[in-house]
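Bear in mind that the values in this text are calculations on the coordinates, not laboratory data. Note that the coordinates shown come from a computational prediction; the quantities given were computed from them, not determined experimentally. Every residue, glycine among them, receives a Cβ derived from its backbone with ideal geometry; neighbour counts consider all protein chains shown.
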Amino acid sequence: MTDTADPDTRRHTAQSAQTMADVRFEIDRLDRALVRLLVERQSFMDAAARIKGTRKSVHDRARIEDVVSKVVAEARKQGLSPAIAEPVWRTLIDRCIAYEFEAFDALKPGLDKA
């Protein structure tokens, strides 16, 4: 698993933040950590494009629903609003599929374009 430690140490919790500068510092720190995780997730889209044998297999409706279901369950468990989690992940998945199509096409030009 990826180490999400940030070189900037946490200065505040949501409860200890006293100013908008405190809040913004922590949001910026978290955004950097999220970007690092998304880079890792994207690398697996490259792996999927390399491994999948057909372009048609890039879009897998059952897998999408499985991922969203797991994410919503984990969101509830950890206290993240499903109203945030579900649309964020559906958008993330949509963009990852688009990226994977591009990666597939770059690795296997002309294969299974229909």
### Query
Just how many pairs of Lys in the chain have C-alpha atoms closer than 20 Å, counting pairs that are eight or more places apart or on different chains?
4
### Gyration tensor (alpha-carbon) shape descriptor, the range 1-113, a/c threshold 1.5
prolate
### Task
For the chain, set up a Gaussian network in which alpha carbons nearer than 10 Å are linked by springs, and say which option among 74, 40, 86 fluctuates the most.
74
#### Entry: residue 41-residue 9 FRET efficiency (beta carbon distance; Förster radius 30 Å; 0.05 resolution)
0.75
### Query
Anyone know which of 43, 16, 69 comes out most mobile in the 10 Å Cα GNM of the chain?
16
### Query
Taking the Cα-to-Cβ direction at residue 34 and at residue 20 and moving 7 Å from each Cα, how far apart do the two end points lie in nm?
1.9 nm
